[in-house]
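Scroll down for the structure; my scribbles are underneath it.
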Amino acid sequence: MTKAIELAVVGHTNAGKTSLLRTLTRRNDFGEVSDRPGTTRDVNAIPLNVDGVAVVRFLDTPGLEDAPALLEHLQAMDACYPVAQKIDAFLAGPRALGDFEQEAKVLRCMKNVDAALLVIDTRETPLPKFSDEIEILKWCAKPILPVLNYVGNSDSQEPAWLAMFATHGLHARVRFQTVAPMHDAEKNLYSDLGGLLPERRGQLQDLTAYLARERQERHTSGLRLVGDLILSLASYRETLDAEVVSEEAARAKRIRLFQAEVAERSRQGFASMLELHGFALDSAETAMLPELAERWNSDLFNPEMLKQAGKRLGIGSMVGMAFGLAADVAVAGVSLGAGVTTGAAIGGFLSQGRVGKKLLNKLRGKLELSLNDSALLLLAGQHLSMLMALEKRGHADQFLLRAPSPIIFSEKEARPLLAAVKSARAHPEWASAVELTAGQRKQRDDQSDSLCQFFLQNLAANPVHAARNDRSR
């Protein structure tokens, strides 16, 4: 079995070493990330596994706290020692257990790894003490790859850092942003490591290919989660007896319960998406809709939002009436959810001929509550935009992921989605996948596959959707 590549993650206190490892391993529970200096006090190992086997073993090290004093101490040692032996002599001496204890932990680790990732907070000014750190690490005679963190920040001093690296002969480097990794940053990191470790290049290339496949599979799984949610909600319905329909308070209560069930299913969908991407449930706003006054919560059952969505989809007055039933049900985002009591509304149904009479008869007897198309499109847009936000989010990000603006579908873009919704409405059994027969499950899965392909093609063909999906905090 090929031995795992061992990489020390080194750098000054609070440079973002643990944050980098959380992002590379997709583990937001590893170590402690804090603005307090010296959060990491010991060397902590974390593997990066492929099919259960460690391919890379990262070693998170404490920060180098007093590099100038340590370098002075090393330079003062007997000149007959070669540089590498000075490190060994220091580690065997008393000061490695005393005032340089933290630095000694780093250097012991450096002596036993294949290479080091030197994490740099580019927002810091490259002071002489940082140059001393680099010099000490070079004395360990191991390949060093600088990882430039926070390069996307406006106060980044990247050019000054590059100049410092050049004076130490470090010309390979990787630009990174641990809280929101840049496109191909991970791939570039392992590619550049392959240049420093030619004997491990094949192993690193295999790892990069595996991570790319995993990323695509995760994306497809996320789209399937969205598709499954839309199908289950499109097929979900509740029946109201005539006496409930005729009694305003009872009718309103059932509509609220219906909304609450929709909100809970939406929350469960968010939770599944967070789990898929390795985030904790408190990483995003997954509280029930519409009780909390968050933007998405109000959008889903907001009359004006539903009205605007209807206009975008070219919904005519009859269809809009059937789905919204005036302001009474537009508030709920529910189709056929409340009685039409005005003569004008009843006349509107009768003017539509046989279909209108059928709808009116429903209103006089039992009714079925279901989500209208506008609400389903809003839900799809919400979950797709959350998926895109999670794919851009690093596992070191400590800020609450606020609900991004939902993707808005044009009439043309929405047609395949509405066709799937129409199909789902004819299959109320799809509302609960647990109770499906094998044949029903296959039919539902086929429709879910079609939706997934629609989402894949739609997002790939419409970069404007990604541009609208800015993270907000």
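The values are calculated or read from the model by the stated rules, or taken from the named source; none is laboratory data. The structure displayed is predicted, hence computed values, not measured ones. Virtual Cβ from ideal backbone geometry, glycine too; neighbours counted across all protein chains shown.
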- [ ] Go through the residues of the range 201-210 one by one and say whether even a single one is assigned by TED's automatic domain parsing to the domain that holds residue 73, surrounded by fewer than 20 Cβ atoms within 10 Å (Cβ to Cβ) and closer than 20 Å to residue 21 by Cα.
- [x] no
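What about residue 57, is it at pLDDT below 80 and either more than 21 Å from residue 280 (Cα to Cα) or among the β-branched types (Val, Ile, Thr) (or both)? Spell out how you get there, then give the answer.
Values: at pLDDT below 80: no; either more than 21 Å from residue 280 (Cα to Cα) or among the β-branched types (Val, Ile, Thr) (or both): yes.
When the stated conditions are applied, residue 57 does not pass them.
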- [ ] Residue by residue through the range 233-266, note down the ones that are within 32 Å of the chain's Cα centre (by Cα), in a helix (DSSP H, G or I) and surrounded by fewer than 20 Cβ atoms within 10 Å (Cβ to Cβ).
- [x] 256, 257, 260, 261, 263, 264, 265
Open item on the list: within 21 Å of residue 373 (Cβ to Cβ), modelled with pLDDT under 90, over 25 Å from the mean Cα position of the chain (by Cα) and assigned to a helix (DSSP H, G or I): is that true of residue 310 in this structure?
Closed with: yes
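Do the conditions hold for residue 293, that is, is it at pLDDT below 85, surrounded by fewer than 19 Cβ atoms within 10 Å (Cβ to Cβ) and out of contact with any His (no Cβ under 8 Å at 6 or more places or on another chain)?
So residue 293 fits the description; yes.
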Open item on the list: So residue 213 ticks every box in (1) surrounded by fewer than 16 Cβ atoms within 10 Å (Cβ to Cβ); (2) within 25 Å of residue 105 (Cα to Cα) but one. Which box is left unticked?
Closed with: (2)
- [ ] Test each condition in (1) at pLDDT below 90; (2) assigned to a helix (DSSP H, G or I); (3) among the hydrophobic types (A, V, I, L, M, F, W, C); (4) under 24 Å from residue 232 (Cβ atoms) for residue 387 and report the one that comes out false.
- [x] (1)
Task: Lone unmet requirement of (1) touching a residue at least 24 places away in the same chain (Cβ under 8 Å); (2) not assigned by TED's automatic domain parsing to the domain that holds residue 145 for residue 192 - done: (2)
TODO: Go through (1) at pLDDT 95 or above; (2) over 28 Å from the mean Cα position of the chain (by Cα) one by one and return the number of the condition residue 193 breaks.
DONE: (2)
TODO: With the condition kept exactly as written, say whether any residue in the range 175-186 is crowded, with 18+ Cβ neighbours inside 10 Å, touching a residue at least 12 places away in the same chain (Cβ under 8 Å) and part of a helix (DSSP H, G or I).
DONE: yes
TODO: Find the residue count for the range 51-74, including only residues that are assigned to a helix (DSSP H, G or I) and closer than 12 Å to residue 11 by Cα.
DONE: 1
